[in-house]
Amino acid sequence: MVQKRVDAEDPEAMAFLGTHYLFGSLGVQKDVKRSMELWTEAAELGSMDAHYELGCLFDNGKEVPQDETKAVRHWEKAAMLGHVLSRFNLGWLEHDNGDYGRAVGHYLISAKMGDKKSLDAIKDMFAGGYVTTVQYAEALRGYQVAEEEMRSPERDEYWKALSEWEGESAK
């Protein structure tokens, strides 16, 4: 089924299958080269997930030589398409490089998209004096709006069941 969608040049199917080639899961043998090929083609077709995965691959340098420039380029493309984790990663890189203004900009955008890690990063930067009260309030308001928009009885039920299951698993 997935291969049929890949053959039809479905970028999301390509990104999905690329992930499984990277880890050798879903009945396919681990093949980093094939994973890269699928993600590259999917990215060219506009898959934000493929751009994100390529960014992660180039950032960590385990399967391919580390290349921060390529990682940033892919995360920027994914972020422009609305990929929250890519936006967070760009903020993290800017923070790590000492450009706190740009980091805050990225974190604000992703916090307003409902990303808790971004909100926490802004909170930490606020405590460190790198974020103004206005910026922190803006991030908090944006995060709360996103959370409210995503809230549903089904989602609440899922999180409750997951929490109960994790509690049982920890015993």
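Taking Cα atoms only, the orientation of helix 84-96 departs from the longest principal axis of the chain by about 60 degrees. Is the shape of the range 1-70 best called rounded, prolate or oblate, per the rule: a/c under 1.5 gives rounded, else a/b larger than b/c gives prolate, else oblate, with a ≥ b ≥ c the square roots of the Cα gyration tensor eigenvalues? Taking the square roots of the gyration eigenvalues as a ≥ b ≥ c, the range 1-70 is oblate. Here the range 1-69 is assigned +1 on the Cβ of each Lys and Arg and -1 on the Cβ of each Asp and Glu. Its dipole about the Cα centre then comes out at about 340 debye.
At full extension, residue 5 and residue 159 could sit 52.3 nm farther apart than now, given 0.36 nm per residue minus the alpha carbon distance. Do any of 33/77; 77/116; 33/116; 62/116 go past 29 Å between their Cα atoms, and which? Correct reply: 33/116.
Ranked by the mean number of other Cβ atoms within 10 Å per residue, highest first, peptides 20-31, 120-131, 69-80 order as 69-80, 120-131, 20-31.
The share of accessible area on the chain that comes from carbon and sulfur is 53 percent, using a 1.4 angstrom probe. Listed peptides 48-60, 147-159, 96-108 appear in the order 48-60, 96-108, 147-159 once ranked by packing, highest mean of other Cβ atoms within 10 Å at the front.
Database remark: amide H of residue 64 closer than 5 angstrom to no amide H (H placed geometrically; neighbours at sequence offset of 5 or more, or on other chains; Pro and chain starts carry no H).
Computed from Cα atoms, the angle from the helix 11-23 axis to the main principal axis of the chain rounds to 80 degrees. The base-10 log of I(q)/I(0) for the chain, evaluated at q = 0.13, 0.18, 0.19 Å⁻¹, reads -0.80, -1.12, -1.14 [Debye formula, identical scatterers on Cα atoms, solvent excluded]. Averaging the Cα positions of each part gives two centres, and for the range 28-53 and the range 96-171 these lie 28 Å apart. With contacts taken as Cα pairs under 8 Å and at least 6 residues apart, the chain reaches a relative contact order of 11 percent.
For the range 1-114, the solvent-accessible area works out to 53 Å² per residue, with a probe of 1.4 Å and every protein chain left in place. Convex hull volume per residue, computed on the Cα atoms of the range 100-171, equals 95 Å³.
The values are calculated or read from the model by the stated rules, or taken from the named source; none is laboratory data. Just so it is clear, the structure is predicted and the values come from calculations on it, not from any experiment. Glycine also receives a Cβ, built like all others from the backbone with ideal geometry; neighbour counts cover every protein chain displayed. Protein only, heavy atoms only, side chains kept; ligands, DNA and RNA dropped before computing areas. Shrake-Rupley method; radii C 1.70, N 1.55, O 1.52, S 1.80 Å.
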